[in-house]
Amino acid sequence: MKKLIFFSLWLFSAISLVAQNVTYVYDNAGNRTSRTVRLSSPAHSPERQPEETALEDFVAEHSVKIYPNPTKGMLAVEISNFDSDVRADFLLTDMSGKVIDRLPAVSGYETLNLSRQPAGLYVLRITINGEATVWKIIKE
């Protein structure tokens, strides 16, 4: 009987957990332009953000969006008009230039996992068909 009561209490507490999600939006110079606070259940991957909250740049006639920045671990990268002719890759380095991760993009939506990296500033270089853009990523 004690096990049943303990399990019921544990299940009820796990269902009722609610997390606070604070999202910051930065311009290309790194200045914070807005803050959004949402109460939601915790997620294991980045949520797709509305158009006005994602950071966007254009590279080789493709729109590139990243979010959330700052991140607690998972960073989403969306590349528009991604097809089999597009050659894209990501290079993530720390501020000293040490390569943290290098990987090719295989679809128009990729996630980068920074959860094992310490908090700090990182540089993400996205190259699409020979043209590149550089992003400053903040890991909380």
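Which FRET efficiency value, to the nearest 0.05, is calculated for residue 27 and residue 100 with the Förster distance at 30 angstrom and r the Cβ-Cβ distance?
Numbers: r = 24 Å, r/R0 = 0.80.
E between residue 27 and residue 100, to the nearest 0.05, is 0.80.
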Original post:
Which shape class applies to segment 77-140: rounded if a/c is under 1.5, otherwise prolate when a/b exceeds b/c and oblate if not, where a ≥ b ≥ c are the square roots of the Cα gyration tensor eigenvalues?
Top reply: prolate
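Take every Cα pair under 8 Å in segment 68-140 that's 6+ residues apart, average their separations, divide by the length, and report that relative contact order as a whole percent.
Here the relative contact order equals 39 percent.
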Subject >> Least to most buried among 136, 98 (fewest other Cβ within 10 Å first) >> reply: 98, 136
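Any read-out appearing in this document is the output of simple, stated calculations on the displayed coordinates, not a laboratory observation. These numbers were taken from a predicted model, which means no experiment stands behind them. Note: ideal-geometry Cβ built from the backbone for every residue, glycine included; neighbour counts use all protein chains shown.
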